[in-house]
Structures are given as structure tokens and as C-alpha cells.
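Undergrad: Dropping a structure here in C-alpha cells format, bear with me for questions.
The values are calculated or read from the model by the stated rules, or taken from the named source; none is laboratory data. Treat the numbers as computed from the prediction; the structure is a model and nothing was measured. Ideal geometry is used to build each Cβ from the backbone, glycine not excepted, and the neighbour counts take in all protein chains shown.
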Amino acid sequence: MKILITGGAGFIGSHIAESLAKEGHEVIILDNFSTGSMENINEILSMKNVHLLEGDILNYEFLLSIMKDIEIISHQAAQLEIGSAIGDPIKDAKTNIEGTINILEAARVSNVKKIIYASSAGIYGEALKIPQDEEHPKRPQWPYGVSKYAGELYCQQYSLLYGMNICALRYGIVYGEREWYGRVLTEFIKRVVLEGKPPVIFGDGMQRRDFVYVGDVVEFHNIFINEDWKGFEAYNVGGGGSVTIKELAWLVIKLADSSFEPIFEDTEEGRCSKITGRWRIPKELKCLELDISKAINKGWRPRTKLEDGVMREINWIKRNPNRWLVRRV
Ligand SMILES: NC(=O)c1ccc[n+]([C@@H]2O[C@H](COP(=O)([O-])OP(=O)(O)OC[C@H]3O[C@@H](n4cnc5c(N)ncnc54)[C@H](O)[C@@H]3O)[C@@H](O)[C@H]2O)c1
């Protein structure tokens, strides 16, 4: 099949591209390289069935010009830094809302059969019920969650109005090889494994988070490449549980075979750590844990144990330490 992957040079998009290319599909990677990188896709670009288009989802005419014969769109491109979205909500909304509408409109005009939309658990906000199922109220805590949810609502609109088949996958915290530097797991790995320093935890470390390995996300995503569905659907894609940030820090220490103990730092929300310089997100969630029963009913299950996935990420960054020179916020 001929599949367009927006954001295909990014962390998750490049894993999707690699897997679909290996399955023999014709893969077109579209990326503006704002956060994506050639290093993520260099290897697969040598395959005959992989093509790279450098371009922007904000350029509607360009999107129209490349849609011919596309059968499926996997829309992964987004602005996804929570801090940047708070600092520049207009840019965030442009990329995540206008960019998504451009994709939907170009797909409609060009009769694309299926769209898979990368949504986020960030649309739910603080958990009112644990775990959070797909019906959980949507009360995002940050502009990023608002823009990702708005993208989803436009997907629903296009499905309602034009009968388009669109599926939203609400990822938890995706981790694994090629993860970008700035989020909590990468901070811990960089400090402990690359710098030989103890991890720094904001607050008491009892915040719960749902981590899902990128390879498992790709497996679930690809079910929708191979199967058909009608109308709009939404699925949580999580790891099947949650860990506290404190447990995560201890896991990294154990896997790095280190004798450190975590440092607990009472950095105020919205301020930077005095030790690492890392910014603490305002309105931090107490708990993010997804109910993945609906995805399990589709015959999928996250197969990678957190400690195995984290070990793979550690081994990857040891081989590629230059990938985490610049922190994203
Ligand atoms: N990483 C996670 O834990 C996570 C969690 C929930 C949802 N998501 C969603 O998954 C998707 C992929 O996230 P990721 O972690 O791989 O991020 P990423 O930053 O690695 O990938 C995003 C890609 O989109 C590209 N891009 C950004 N703006 C673009 C534009 N205007 N035109 C063309 N390309 C553009 C970037 O260059 C990058 O390659 C996003 O839609 C994100 O909202 C990610």
C-alpha cells in the first residue's frame, strides 16, 4: 500500500516508517525537520520503497500536490513540547490544529481511504478515575492537550460530514530508541548512564505515569494499516499500568548498575531545577494511567516490560550519546 507518514523523521514516525517499509509498503515520509532528524531515517532511506519529502503540513497546496494515490495517512507530525505550547500557544495551535485540518482537507479532496491520527493521553488532564478509559472527561491541563484534542475533534467532524475512516490513537508516554531528550526518563538515563550522576526527582516522586514502548505502539498502529473500519474510532495506547517517578528513577539506577540514590528537589512548578536546570511543568499531573481494555479487545497487548524497554533505550543512547545534547521543553 502507498502510505504517507507525516512527521516520519521523528521519534515515533520513524519507527512506524521503518516497520511499514520492512513489510513492503510504499512509504512516503513527510517532515519539515523542525524536531525530526535524518539520523532517525538514514538507514531506511536506502530502501527502494521509502521516499522522503521535505515539507510542511501548514502548506496546503503542497499537501494537495503529494496526495495522489495515497491510500493511508499516518499523521504523526505535531508540535509536542508542553513548555513551547505554553510559551507560544499560537504556534502550537497552528501546527496541531491547522496542520491537522490541512491533512484532513487534502485527504478528503484526494479520496484517501484511511487516516490514523496520533493523539495523546494529554487530552484527559488529571485522572478523575484510574485507569482512564476512552470515555474519561477531556480536561487538558496544557495548550498542547487542547490542540491535540481539537485535532481529534476535527477528525470526528470529517468522519461525520464526509464518512471518512479515521482512527485516533491516544498514546501514553512513548519511550524507546530514538526518544528525544527532555522528558523524565531521558533525564534520568542521561544523568545516571551518561554523566555518572544521581537522578533528580521533582517533589516526592509519587506522580504516576504510564509508559509504553515504541515497538508496542507501532504494533498497535499497524493493526489499522492492515484492517478496515468505518467512521471514527479512538483507542488508548498505554503500557497496561503505571509506575511512580520514584520507581522509574530506581529502575534506571538498577539497570545502570549504579550505587546512587535519587535526589529529591522541591522545585516549584513552572521553575527550573537548581541542580539540572530542567524546567518543572506547571499543573503537573498526579496520575496518568490508561485503561487499554479497548485496545486489548482488538487483539493487541503491550509485550515489552518496562525494564526491557528502558534497557534498550539505555543501550541505544550509549551508542549514540550525541543524540541528547539539546534538551527539549
Ligand atoms: N512521544 C510521546 O510520548 C507522545 C505521546 C503522546 C502523543 N504523541 C504524539 O505522537 C506524535 C509523534 O511524536 P514524537 O514523540 O515522535 O515527536 P517528534 O518531535 O519526534 O516527531 C514529530 C515530527 O513531526 C515533524 N513536524 C513538526 N511540525 C511539522 C510540520 N509543521 N510539518 C511537517 N512536519 C512537522 C517534526 O520534525 C518531527 O519529525 C505527535 O503527534 C505527538 O503529539 C507522542
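Undergrad: Is there a residue being within 24 Å of E126 (Cα to Cα), surrounded by 18 or more Cβ atoms within 10 Å (Cβ to Cβ) and of a type in the set (A, V, I, L, M, F, W, C) anywhere in the stretch 219-227?
TA: For the stretch 219-227, residues within 24 Å of E126 (Cα to Cα), surrounded by 18 or more Cβ atoms within 10 Å (Cβ to Cβ) and of a type in the set (A, V, I, L, M, F, W, C): absent.
Undergrad: Going residue by residue through the stretch 239-246, is there one that turns out to be within 12 Å of the ligand (Cβ to nearest atom) and crowded, with 18+ Cβ neighbours inside 10 Å?
TA: Yes, some residue in the stretch 239-246 is within 12 Å of the ligand (Cβ to nearest atom) and crowded, with 18+ Cβ neighbours inside 10 Å.
Undergrad: Looking only at the stretch 76-105, count every residue that is within 13 Å of the ligand (Cβ to nearest atom), over 13 Å from C155 (Cα atoms) and either outside the structural domain of L161 (by TED's automatic domain parsing) or in a helix (DSSP H, G or I) (or both) and tell me the total.
TA: Number satisfying all stated conditions: 8.
Undergrad: Among the residues in the stretch 257-265, are any over 18 Å from R328 (Cβ atoms) and surrounded by 17 or more Cβ atoms within 10 Å (Cβ to Cβ)?
TA: Looking through the stretch 257-265, at least one residue is over 18 Å from R328 (Cβ atoms) and surrounded by 17 or more Cβ atoms within 10 Å (Cβ to Cβ).
Undergrad: In the stretch 117-136, what count of residues is obtained for those that are within 14 Å of A234 (Cα to Cα) and more than 11 Å from the ligand (Cβ to nearest atom)?
TA: 6
Undergrad: Would you pick out the residues in the stretch 167-225 that are in contact (Cβ under 8 Å) with a residue 12 or more places away in the chain, part of a loop (DSSP other than H, G, I, E, B) and charged (D, E, K, R)?
TA: E177, R178, E179, K197, D204, D210
Undergrad: While we're on this one: State the number of residues belonging to the stretch 158-188 that are over 24 Å from I223 (Cβ atoms) and polar (S, T, N, Q).
TA: Residues in the stretch 158-188 being over 24 Å from I223 (Cβ atoms) and polar (S, T, N, Q): 1 in total.
Undergrad: Could you give me the residue pairs with C-beta distances under 7 Å whose first residue belongs to the stretch 48-63 and is more than 15 Å from G10 (Cα to Cα), whose second residue is assigned to a loop (DSSP other than H, G, I, E, B) and of a type in the set (A, V, I, L, M) wherever it lies, and which are 6+ apart or on separate chains?
TA: Partner pairs satisfying both residue conditions: L63/I57.
Undergrad: Let me ask another. Listed residues L52, L30, L63; which is more than 8 Å from the ligand (Cβ to nearest atom), part of a strand (DSSP E or B) and buried (at least 16 other Cβ atoms within 10 Å of the Cβ)?
TA: Going through L52, L30, L63 in turn, the sole match is L52.
Undergrad: Against the conditions (1) crowded, with 20+ Cβ neighbours inside 10 Å; (2) polar (S, T, N, Q); (3) more than 20 Å from the chain's Cα centre (by Cα), where does Q79 fall short? Just the number, please.
TA: In the conditions (1) crowded, with 20+ Cβ neighbours inside 10 Å; (2) polar (S, T, N, Q); (3) more than 20 Å from the chain's Cα centre (by Cα), Q79 misses (3) alone.
Undergrad: Next up: Kindly indicate whether I12 is near the ligand (Cβ under 9 Å from one of its atoms) and either surrounded by 15 or more Cβ atoms within 10 Å (Cβ to Cβ) or not basic (K, R) (or both).
TA: Yes: the conditions hold for I12.
Undergrad: Please verify whether I225 is β-branched (V, I, T), more than 20 Å from L80 (Cβ to Cβ) and outside the structural domain of L285 (by TED's automatic domain parsing), treating the condition exactly as stated.
TA: yes
Undergrad: Picking from E18, E39, E71, which residue would you name as being under 19 Å from the mean Cα position of the chain (by Cα) and more than 12 Å from the ligand (Cβ to nearest atom)?
TA: Just one listed residue meets the conditions, E18.
Undergrad: Given the options K305, K246, K274, name the one that is touching a Gly at 6+ places or on another chain (Cβ under 6 Å), without any contact (Cβ under 8 Å) to a residue 60 or more places away in the chain and not aliphatic (A, V, I, L, M).
TA: Exactly one residue qualifies, and that residue is K246.
Undergrad: Is it true that some residue in the stretch 27-45 is over 20 Å from K114 (Cβ atoms), touching a Ser or Thr at 6+ places or on another chain (Cβ under 6 Å) and touching a residue at least 60 places away in the same chain (Cβ under 8 Å)?
TA: yes
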